[in-house]
Every structure is written in C-alpha cells, then in structure tokens.
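A short reminder: the numbers here are calculations on the coordinates, not readings from a lab. Predicted, not measured: the structure shown is a model, and the values here were computed from it. Neighbour counts run over all protein chains shown; Cβ positions are idealised from the backbone, glycine included.
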Amino acid sequence: MKIGYIQSSPTFGKKAQNFKQIENLLGKSKADLIVLPELFATGYTFISKKEAESLAETTKGETAEFLMRIAEITGAVIVGGFVEEDSNQIYNSSLIVSSSEVLGTYRKLHLYFKEKLWFSPGNKHLKTYQVKEAKVGIMICFDWIFPETARLLAVLGADIIAHPANLVMPFCQKAMIIRCLENSIYAITANRIGEEKRGDSHFHFTGRSQITSCNGDVLSSAPKDKFYIDLVEIDVNQARDKNLNKYNNVLKDRRTEFYSLE
Ligand code: ACM
C-alpha cells in the first residue's frame with residue numbers, strides 16, 4: 001500500500017491559493033492514502049472566534065469538494081484539516097474523503113492554546129475507516145501528547161494513524177516513534193512550514209513531517225522549512241502483528257483491570 005503526505009505553507013485566509021499550492025505539490029502523484037496538514041486551506045492563527053467562523057464550512061463545502069477532486073486525480077483517499085461548522089458550533093476537524101464521497105470527519109479532541117477560544121472540543125468518538133486493505137484512524141496535531149488517542153485507535157484496530165498537524169513544539173516527531181512502537185501502528189504526520197504572526201500570537205511551524213513505521217523506524221522525514229511531498233510503500237500486515245517477542249504483545253499484555261484508580 002502506498003501512503004504519503006504533503007508538507008505545505010498555507011497563506012492565512014486564502015483558500016483558493018492554498019488549494020493551488022497542494023495541487024502543484026501533488027503533480028501527477030498516485031497513491032492509496034495521502035494526508036495534508038491541519039487547517040491546510042485556512043491557516044492556523046485566528047484572531048477571533050468570528051474570524052474562525054467566517055472560514056468554517058460544512059462537509060459539503062469547497063474544501064470537501066477540493067479534497068474529492070484531488071482524490072480523483074491521485075486515486076488516493078485524502079485526509080486533511082478544515083474548520084468544520086455543524087449545528088452552530090465550529091470544530092478543528094479533518095475530513096477523510098474518496099473521489100466519490102466524504103467518508104467522515106474527525107473533530108480534534110484535545111485543543112491547543114487559543115484554539116480553546118474558537119473551537120468546540122471534539123464531540124465524536126474515535127473511529128476507523130477502511131482504505132484498501134488498511135484500517136485508518138485520524139487524530140490531529142496536539143492529540144499526540146495524549147497517548148490515549150493513539151492507543152484507542154490501535155485498540156479499535158487501526159493499522160495507520162493519519163495525523164494532520166500544525167506543530168509548534170519540537171517534540172512530536174520523536175513522540176510519534178514511541179506512539180507507533182507502543183501500539184505497533186503506522187503513522188503519517190503531515191505538518192506545515194512557515195510562520196504566522198497574527199494578533200498577539202506568533203507561531204513558527206516545525207515542518208519535519210514524518211511517516212513512522214509500526215516498529216518505530218522513520219520511513220520518511222521532511223525538511224524543517226521546505227515544501228515537500230513523499231510517498232512510501234508499506235506492508236500493512238506488519239501493523240497487525242502486535243507481538244514484540246515470543247512473550248510480549250503490546251495490546252494483549254495490557255493489565256486493564258489495574259488501570260483504574262481504586
Ligand atoms: C497544534 O495542535 N496545532 C499545536
């Protein structure tokens with residue numbers, strides 16, 4: 001199975017320009033699963049809830065349509081971030097689409113910093129989607145620091161975590177090695193580059209998008225400051241073998257009966 005990511009640098013609020021940037025980076029690439037960064041069409045650093053609302057869309061909006069179009073061109077299922085509007089709330093979400101339909105959205109469970117001022121926290125349970133022979137789960141950026149997110153996706157049977165990101169702390173790429181190892185699962189962290197200075201916030205995004213294998217090997221690592229696309233071939237079956245050795249299995253050896261407070 002061929003999986004990959006795009007590392008882009010959105011210009012705040014310029015959706016059409018940001019779509020074009022993704023299309024140019026994709027060129028004639030073909031794959032089975034491609035992950036784009038968190039909020040790839042809008043940019044990240046909102047200055048008010050009103051501004052975030054003004055860039056929000058439903059699952060029938062122009063971002064969903066754009067993703068379905070690139071799904072058609074690449075032959076891949078596409079995962080990418082957007083501001084989701086639903087029932088008078090907005091969420092920091094990711095769409096997962098095929099060329100013919102929106103398969104679903106994931107709403108970021110763990111909001112970072114001022115995201116808490118604009119977005120409602122995710123209100124849907126984690127789930128997996130069938131993409132070719134793989135089960136794919138989604139988490140967004142800061143979810144990485146809560147190991148429960150990746151663990152639950154693994155328990156749900158995910159083989160691959162699609163992980164759109166706009167990382168600003170330097171630790172995630174290293175942490176994903178552990179997330180993948182402790183769950184025997186693949187992950188595609190699609191980060192952005194560049195900086196945004198808006199209101200009193202100034203973020204430098206860390207690039208270094210990464211594909212991490214289920215044994216903790218880094219299969220792809222992007223530069224910290226360049227646009228990038230990479231696609232790698234993986235064997236999904238390796239994520240189904242949760243044995244570390246003859247005696248240890250990363251899921252079956254859990255002592256869940258001792259994981260609650262007395
Ligand atoms: C982040 O969660 N975008 C830092």
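For 172, 141, what's the fewest-to-most ordering of other Cβ within 10 Å of each Cβ?
Numbers: 172 22, 141 30.
Fewest to most other Cβ atoms nearby, the residues stand as 172, 141.
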Legend entry - Cα radius of gyration and Dmax for region 21-80 (Å): 12.9, 38
Inset, instruction - Can you check how the C-alpha radius of gyration of the chain compares to 2.2 N^0.38 Å, as a plain ratio? - result: 0.96
Legend entry - Ellipsoid semi-axes in whole angstrom, largest first, where each is sqrt(5λ) of the Cα gyration tensor of region 1-108: 23, 15, 11
Inset, instruction - Would you mind ranking 82, 19, 46 by Cβ crowding within 10 Å, fewest neighbours first? - result: 19, 46, 82
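Two-decimal Rg/Rh of region 174-231 from alpha-carbon positions, Kirkwood Rh? Can you show the working numbers first?
Numbers: Rg = 13.4 Å, Rh = 12.3 Å.
Taking Rg over the Kirkwood Rh, I get 1.09.
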Inset, instruction - In whole Å, largest first, what are the principal axis extents of the Cα atoms in region 200-262? - result: 45, 39, 14
Inset, instruction - Would you mind ranking 153, 55, 251 so that the residue whose beta carbon has the fewest other beta carbons within 10 Å leads the list? - result: 251, 55, 153
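Can you tell me the dipole magnitude for the chain around its Cα centre, using point charges on the Cβ only (Lys, Arg +1; Asp, Glu -1), in Debye to the nearest 20?
Details: 33 positive and 31 negative charges, 51 e Å.
Taking the Cα centre of the chain as origin, the dipole is about 240 debye.
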Inset, instruction - Please work out how much length the chain gains when fully extended from residue 53 to residue 202, using 0.36 nm per residue of separation minus the C-alpha to C-alpha distance, in nm with one decimal. - result: 51.6 nm
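Given region 110-236, what whole percent of its Cα pairs are spread farther than 21 Å?
Value for region 110-236 (Cα pairs over 21 Å): 40 percent.
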Inset, instruction - Restricting things to alpha carbons, tell me how big region 65-132 is in terms of Rg and Dmax, in Å. - result: 13.0, 38
Inset, instruction - For region 28-175, evaluate the Debye formula with one uniform point scatterer on each Cα (no solvent term) and list log10 I(q)/I(0) at q = 0.11, 0.14 Å⁻¹, rounded to two decimals. - result: -0.38, -0.63
Legend entry - Sequence-distant residues sharing a close amide H with residue 220 (under 5 Å, placed H): 211
Legend entry - Spin-label pair residue 117/residue 87, simplified geometry with 7 Å Cα→Cβ offset, distance in nm: 2.7 nm
Inset, instruction - Compute the signed sum of charges (Lys and Arg +1, Asp and Glu -1) over the other residues within less than 10 Å, Cβ to Cβ, of residue 61. - result: -3
Legend entry - Label point 7 Å beyond Cα of residue 254 along Cβ direction - residues of region 161-201 with amide nitrogen under 15 Å: 179-185
Inset, instruction - Express the relative contact order of region 65-163 as a whole percentage, based on alpha carbon pairs under 8 Å and six or more residues apart in sequence. - result: 20 percent
